Amino acid sequence: MAEQGSPPPRSGRLPIEGQRGDSRPAGGRYWDEPADTDEEYPPWAGPGVTPRRADRGARQRRAQARPGGSSHAGPAVGDARGQAATRQDEDTDRPGWVPEQGPGSRSRKAAARSRRRSRLTWVWGVAALVVVVIAAGMLVLLGRQQPAPVANGGFVTTFQRGELRTVPNACTAVTGATLNQYLPGKRRMVAPHSLNGSAQSLCNWTLDAPPLYRVLEVNVQAYAPSGLATGDGSATNAAIDAYQRALAALRHPLRATHLPPATVTALHGLGTVGFAALQVVLARGASTDLETVVARDRNVVITVVVQGPHARNGRYRPAPQSELQSGAIAAATDIAHGLH
């Protein structure tokens, strides 16, 4: 007989109240099976002792220790299983123990890592594409708002919107109607070579048909941005400087030119700004009228000079000054139309 308060023998399970024979109790569990709710423990269970169901390895070892107990798999198999269970119990009790994983588990984890890497690659790729698109949009917007890049110091280094890099051919820009009206007859045309490439065009016409003598000279030039120009150095400011130099040279010609000061008249409706200048030149007993028209349109300066006899000179009769001025204005207007 077991003493009062001692634990029950290990040879079997004790039924809970309501048990009959070897059948399971009415509650569906033995006393050493874990319960979901609190219950009273046997009298022999002291404070802090909680019944725990033995695992399979422990049950096998207890079965082998009982007299006459044997495993259905034989002693050798039972010993091996008991030792394996003991090692498993010891490994389980070690801190940080991780159950051994088979090849299938490793392959599944590798596949999961591969899928995570693929998702990260797609996410970063899409993010990079969005950044590139936003940056390109910002560059386009900034380019529209700032058509002229400005270098350090506030100087413009490229052409602004509306400024011209090239000019039309002066020989074809002056219409035949203008030439026939102011230089009627057989004319001789000469196109001098320009040192500024397509940014400048020169053309001269001469009519020598007594009693008429006329010379028409056209020079059209587009100016580029320059650090020597006033203001911000833009192409338009460079053209303004050239326009002002031409005006000053006509009003106050250099002594070496032997030209008289010109009578200057402002012109309206020709380009952005323009003027006409008349000079009467005396040379070798003959007098010649020089009518000069200068106009500026943005960064382009148009210069037209028409000359004719001031007084009768042998076979040539004088040219009315109003006719010379009208011819110069007509040629400059043809050039200005060719800029648009």
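Every number here is computed from the coordinates shown, using simple stated rules; none is lab data. Everything numeric in this text was worked out from a predicted model, so none of it was measured. No Cβ is skipped: glycine too gets one built from the backbone with ideal geometry, and neighbour counts run over all protein chains shown.
Across the stretch 227-340, the mean sequence separation of Cα contacts (distance under 8 Å, 6 or more residues apart), normalised by length, yields a relative contact order of 19 percent. Loop-located trypsin sites (Lys or Arg not before Pro) in the stretch 163-244 (DSSP state other than H, G, I, E, B) with a sparse environment of at most 15 neighbouring Cβ atoms within 10 Å: Arg165, Lys186.
Of the trypsin sites (Lys or Arg not before Pro) found in the stretch 263-312, the ones in coil according to DSSP and having at most 12 other Cβ atoms within 10 Å of their Cβ are Arg284, Arg312. Assuming 0.36 nm per residue, please report the length gained on full extension of the stretch Thr175 to Arg108 beyond their Cα-Cα distance. Difference between extended and current length: 15.6 nm.
Between the stretch 271-310 and the stretch 163-212, the alpha-carbon centres lie 15 Å apart. Stokes-Einstein, applied to the Kirkwood radius of the stretch 260-330 over Cα pairs at a viscosity of 1.567 mPa s and 4 °C, places its translational diffusion at 101 µm² s⁻¹.
Per residue, what volume in Å³ does the convex hull of the Cα atoms of the stretch 159-272 enclose? All intermediate terms of the calculation are to be shown ahead of the outcome.
Details: hull volume 19.0 nm³, N = 114.
Value for the stretch 159-272: 166 Å³ per residue.
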